[in-house]
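Read through the structure below, which is laid out as structure tokens, and then see the notes.
The values are calculated or read from the model by the stated rules, or taken from the named source; none is laboratory data. Just so we're clear, the structure is a prediction, and the values are computed from it rather than from any experiment. Heads up, the Cβs are rebuilt from the backbone with ideal geometry, glycines too, and the neighbour counts pull from every protein chain shown.
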Amino acid sequence: MSTDTYGTITRARITKSLLVEITVSPVGMTCEWIGDIPPKLNERQMGRYRAARNKAIAGLAERISGTVVLVEV
């Protein structure tokens with residue numbers, strides 16, 4: 001995980017050919033998928049994504065010394 005002035009960036013390998021880069025800041029979150037995106041992620045792949053996402057959100061909460069709400073639809 002690295003931090004710059006605007007947000008926290010977390011990268012995670014989902015599969016051999018798929019990487020996600022999650023950027024979170026006090027104004028929002030973006031996910032950039034790099035590589036071959038399958039039509040649907042399986043349970044293991046979703047677990048890897050969620051772990052990276054949760055790590056990024058926890059880092060933001062720590063950085064702002066507050067609570068962050070995440071709604072997954």
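Structure data summary
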quantity	calculated
Tally, over segment 37-49, of residues that are loosely packed, with under 13 Cβ neighbours inside 10 Å, of a type in the set (Lys, Arg) and part of a helix (DSSP H, G or I)	1
Pairs, first in a helix (DSSP H, G or I) in segment 50-71, second of a type in the set (Lys, Arg), C-beta under 8 Å, six or more apart	ALA52/ARG11
Members of segment 4-36 found to be among the aromatic types (Phe, Trp, Tyr) and assigned to a strand (DSSP E or B), listed by number	TRP33
Matching residues, segment 20-29, being out of contact with any strand residue (DSSP E or B) (no Cβ under 6 Å at 6 or more places or on another chain) and in contact (Cβ under 8 Å) with a residue 12 or more places away in the chain	SER25, PRO26, MET29
Looking only at segment 30-43, and only at residues there that are charged (D, E, K, R) and in contact with a strand residue (DSSP E or B) (Cβ under 9 Å, 6 or more places away or on another chain), the one that is farthest from ILE64 (Cα to Cα)	ASP36
Yes/no for THR15 being modelled with pLDDT under 85 and in contact with a strand residue (DSSP E or B) (Cβ under 8 Å, 6 or more places away or on another chain)	no
Qualifying residue in segment 30-49 (condition: touching a Ser or Thr at 6+ places or on another chain (Cβ under 9 Å) and in contact (Cβ under 8 Å) with a residue 40 or more places away in the chain)	no
